[in-house]
């Protein structure tokens, strides 16, 4: 009997972006435990699968920094030292959780509560304003499958899916054939609202080149004109009134419209008020036709992190357990703000790399104090950590649950084993919880 060398795993979910494409086929060399081919994924997703293979950039054993250099230690020693740091800390920060499975995120909540620390995820620097706005005014939304089958008008506002969510256009929004949109691209009208002439804008039917940081004014201008108000301005946010009237006519005459918005709205001037107004605009368009709105979430399970944190604590991010119960106040308990004020004395970073995208001053304060990194490969954060706990790639080397950007839970599949002594994020956090409770006498 010929020994099977290649195992093909079908219907694999891609753990890269919030689109969570679930139609991948992955070939694995069984004997060498290597990913050898990935089909149907975008270029970025494909590279993530290949990055799970052993390489000089991959951590395979626990490491502790000793006199400026890392040395390998046993899991028991690494967990004991990490737990000691956390247990002795007066205000520890647990941050990240966007690129791991929901089961690990739930353990992160338990550990933060046990420590009486700060719990935060990457929404505090991306779609946190979206959560604030949804709490304020609700959100008329649906699933990507509904948009694929029904939407004839697609608006990308402050997002560039060609680069950020490469297969979103082909699977759900632009080129795909749906049940009621059988002619694909020819059955859909695409609008991009963006200050830049992005690659998404270049393939759209209409590009509204709004002035930077003036989306709020444009949306409110559209809302006023929808109600029949005659504005005396000749331009709003750099867009001529006549062009805005043409846009409104398109919005009112579609059969099923959807607004996909990104960080161009959440992280520009007005922040959550941009999203608040976009949601109100969507709601008011339903006086004329069917209209819905959905955020374009980046990390593949940041929606899951917000969901898991909420069902455990009542809050999606920026949570403080220092009083023994969860308190929520973005700005006060957000990671960047805490670090800028140097209010953290230790940190546990899980499946994230804040050193790559936080302000330099906050990163400097992050590195001043003991830092534990739960990370599969080299990053600026892990390279400056005191302890590195090597993790398996969720969705590649272990199973788990993730929430797509439209809040649909999808089960991640395992396609290969993790190299070396890597454990899953959930297993690492479980070990930390047990050891921390032991040190705290619980």
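Between residue 34 and residue 77, full extension at 0.36 nm per residue minus the direct alpha carbon distance yields a gain of 12.5 nm. The angle separating the long axis of helix 128-137 from the principal Cα axis of greatest extent in the chain is about 50 degrees. Counted residue by residue at 0.36 nm each, then reduced by the alpha carbon distance between them, the extension gain from residue 289 to residue 227 reaches 20.9 nm.
Subtracting the Cα-Cα distance of residue 243 and residue 442 from 0.36 nm times their residue separation leaves 65.1 nm of extension gain. By DSSP, the beta bridges lying fully in the stretch 251-400 are antiparallel in about 10 percent of cases.
Using just the C-alpha positions of the stretch 128-295 as equal point scatterers, what log10 of I(q)/I(0) does the Debye formula give at each q in 0.10, 0.12, 0.13 1/Å? Results for the stretch 128-295 at q = 0.10, 0.12, 0.13 Å⁻¹ read -0.33, -0.48, -0.57.
Does anyone have the angle between helix 75-88 and the longest principal axis of the chain? Alpha-carbon axes, 0 to 90°, nearest 10? Helix 75-88 sits roughly 70 degrees off the main axis of the chain.
Estimated purely from DSSP H runs of n ≥ 4, each contributing -39500 (n - 2.57), the mean residue ellipticity at 222 nm for the chain is -10000 deg cm²/dmol once divided by its residues. FRET efficiency for the pair residue 378 and residue 4, taken as 1/(1 + (r/R0)^6) with r the Cβ-Cβ distance and R0 = 22 Å, rounds to 0.10.
Distance from the C-alpha centroid of the stretch 252-272 to that of the stretch 400-419: 27 Å, rounded to the whole angstrom. Can you give me the C-alpha center-to-center distance between the stretch 297-328 and the stretch 95-148, rounded to a whole angstrom? When both Cα centres are located, 5 Å separates them. From the largest down, the chain spans 70, 64, 33 angstrom on the principal axes of its Cα atoms.
Taken together, the values in this text are just the output of simple stated rules run on the coordinates, not laboratory data. All of these numbers come straight from a predicted model, not from anything done at the bench. Neighbour counts run over all protein chains shown; Cβ positions are idealised from the backbone, glycine included.
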